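Enquirer: Below: one structure in structure tokens.
The numbers here are math on the coordinates, done by the rules we state, and not lab data. Quick caveat: nothing in here was measured; it's all calculated off a predicted structure. Heads up, the Cβs are rebuilt from the backbone with ideal geometry, glycines too, and the neighbour counts pull from every protein chain shown.
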């Protein structure tokens, strides 16, 4: 049995330009995640387990 090959969608003209603009804007956004509370709780767990 043969499996049909599906066409790959291609962006053209204005949709391609808007996609590139949106991708550029998304890549410029930076997010900073603060893991200090997770580090603190991990240290507490390690201290309680006495695995140092």
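Enquirer: Add -39500 (n - 2.57) for each DSSP H run of 4 or more in the chain, then divide by its residues: what number comes out at 222 nm, to the nearest 500 deg cm²/dmol?
Expert: Using -39500 (n - 2.57) per qualifying helix, the result is -19000 deg cm²/dmol.
Enquirer: If you don't mind, another one. Once you put a point 7 Å from the Cα of residue 20 and another 7 Å from the Cα of residue 3, both along the Cβ direction, what distance in nm separates them?
Expert: Reported label-point gap for residue 20 and residue 3 is 3.3 nm.
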